[in-house]
């Protein structure tokens, strides 16, 4: 497959990522645990066959190496999942465990409030010692003696009902929270719990990080005390604290297919990276040191907001692309994104099954493989004053042409993203949003403005300019209110959104995979063959929707 037309992009790491992802998927779909020894033997034999056939039978050697990589992916999945098979036959039991908090969903701010979190077991009674090192989901209430904060890095002692999770969720919960836990690789959950003791993070850096995040959140609500919903949406969009979004606003953005605007992802890193890069360029910092310093600053931002998977993926994408350019490697956005996907899967193979991973990489690949080539075609087709020599074009001519090019590029990119976003909306959120393209076209530029205003407000707060903090907070809140108002008008249009789902839980992932394969096929042939015209991805998406959609 040639990946160097028409944009000059090559991604040799795809030959590693694709078979590895196939092996991870096969292991995850297996109804029972796979034998680790057998998988390792298959991988070693396949490598030996590939080495022996590489000179005489190149295609057979390539197939054998693909099998070896798939077996390596399956082996990586089984080792990372680390299921305790003996627990499958045991009933739920009461347990008291010591855990280190890895991620919080909602934290109790006072006695009696419920906390939901994921933690790694660090200590357990002798009869439960097998659980040490396992991550599990905890739902518990704060006891009288417990500290109210259960931030990342805290050590908690909790007592509750320990229950092993199935390898695969039941069919009735295929799209529910149980499926989310199993797809994250969790083997246990502890419910009906009670926090016995909470110890704050022991390191000075962790305490400073938590204090810094709380201080930044406080700065973003200055002047917005009378509008808690807007303040919560602003902190969600800038600092990833999504618990502040109101239920009504969350439902509105989810039904319209624009809830991704509140996930710290490539949209946010584009704004931050542009600001950091421009500042370092003004300071005359050399290219490679500037890239390394930018990566460190962006990495601190990711760590500050709790290392959400979407932010980690976006950070890896930016760092891989910037490093390739700085070291003059044969890099391009497609190669950088492929490298980041490989790193993500090496760290956590179960990320492959998360909605964020599939949406992030699916949409970004759609933009590169389909959106950018379509934008170039549109700009060539709708190019005003093409008969005039460039030297005869006036300033107004150039402005109109630049504005038209930017509009056509935005339309092409939004169309490509909406193809994947519509499928993902049905698969992961249970809503079919035909007007998602229109909503994203209008809201993405406004979201850029909100993020810019939020970060400028934080910069002003660091400089002690309280008046300017209030000014930019109000500007961001005004844009957010416009976003919600526009979105409310769009969603009142007939047929704007329907509750829907696919007949099988895997149909959405299969549909997105087939659409991406059609984009790879068309991109590798320059979108010029008989069966590689630009209509191919929309046709594939339509067929998968029509054949698999079930309205609620």
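Since every read-out is calculated from the coordinates, none of them should be taken as a lab result. These numbers come from a predicted model, not from an experiment. Positions of Cβ are backbone-derived with ideal geometry, glycine not excepted, and every protein chain shown enters the neighbour counts.
Okay, here's what the table says:
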| read-out | value |
| --- | --- |
| Separation in nanometres of the label points that stand 7 Å from Cα toward Cβ, at residue 459 and residue 383 | 3.7 nm |
| For peptides 375-382, 420-427, sequence by mean Cβ density within 10 Å, most packed first | 420-427, 375-382 |
| Separation in nanometres of the label points that stand 7 Å from Cα toward Cβ, at residue 29 and residue 85 | 2.2 nm |
| Residues 347, 222, sorted so that the one with the fewest Cβ neighbours within 10 Å comes first | 347, 222 |
| Convex hull volume of region 387-473 per residue (C-alpha atoms, cubic angstrom) | 169 Å³ |
| CD proxy at 222 nm, helix term only [per DSSP H run n ≥ 4: -39500 (n - 2.57); per residue of the chain; nearest 500] | -18500 deg cm²/dmol |
| Gained length - residue 204 relative to residue 281, 0.36 nm times residue gap less alpha-carbon distance | 24.4 nm |
| DSSP bridge pairs, the chain: antiparallel proportion in percent, nearest 5 | 85 percent |
| For the chain, convex hull volume per residue from C-alpha positions, Å³ | 200 Å³ |
| Footprinting exposure proxy for 20, 470 (fewest neighbouring C-beta atoms within 10 Å first) | 470, 20 |
| Per-peptide average of other Cβ atoms within 10 Å, ordering 475-487, 283-295, 304-316 highest first | 304-316, 475-487, 283-295 |
| FRET efficiency, residue 41 to residue 122 (Cβ-Cβ, R0 35 Å, nearest 0.05) | 0.55 |
| Globularity ratio of region 171-268, using Cα Rg and 2.2 N^0.38 Å | 1.37 |
| Residues of region 362-390 with amide N under 18 Å of the 7 Å Cα→Cβ point at residue 397 | 380-390 |
| Overall Cα dimensions of region 328-437, principal axis frame, Å, largest first | 57, 42, 18 |
| Residues 370, 523, sorted so that the one with the fewest Cβ neighbours within 10 Å comes first | 523, 370 |
| FRET E, pair residue 528, residue 22, Förster distance 22 Å, beta-carbon r, rounded to 0.05 | 0.15 |
| Rg ratio (alpha-carbon, reference 2.2 N^0.38 Å) - region 263-353 | 1.07 |
| Per-bin percent of Cα-Cα distances, region 1-101 [10 Å] | 14, 31, 26, 17, 8, 4, 0 |
| At R0 = 25 Å, FRET efficiency that the Cβ-Cβ distance of residue 179 and residue 542 yields, to 0.05 | 0.40 |
| Column: log10 I(q)/I(0), Debye, Cα scatterers of region 236-298, q = 0.18 Å⁻¹ | -0.69 |
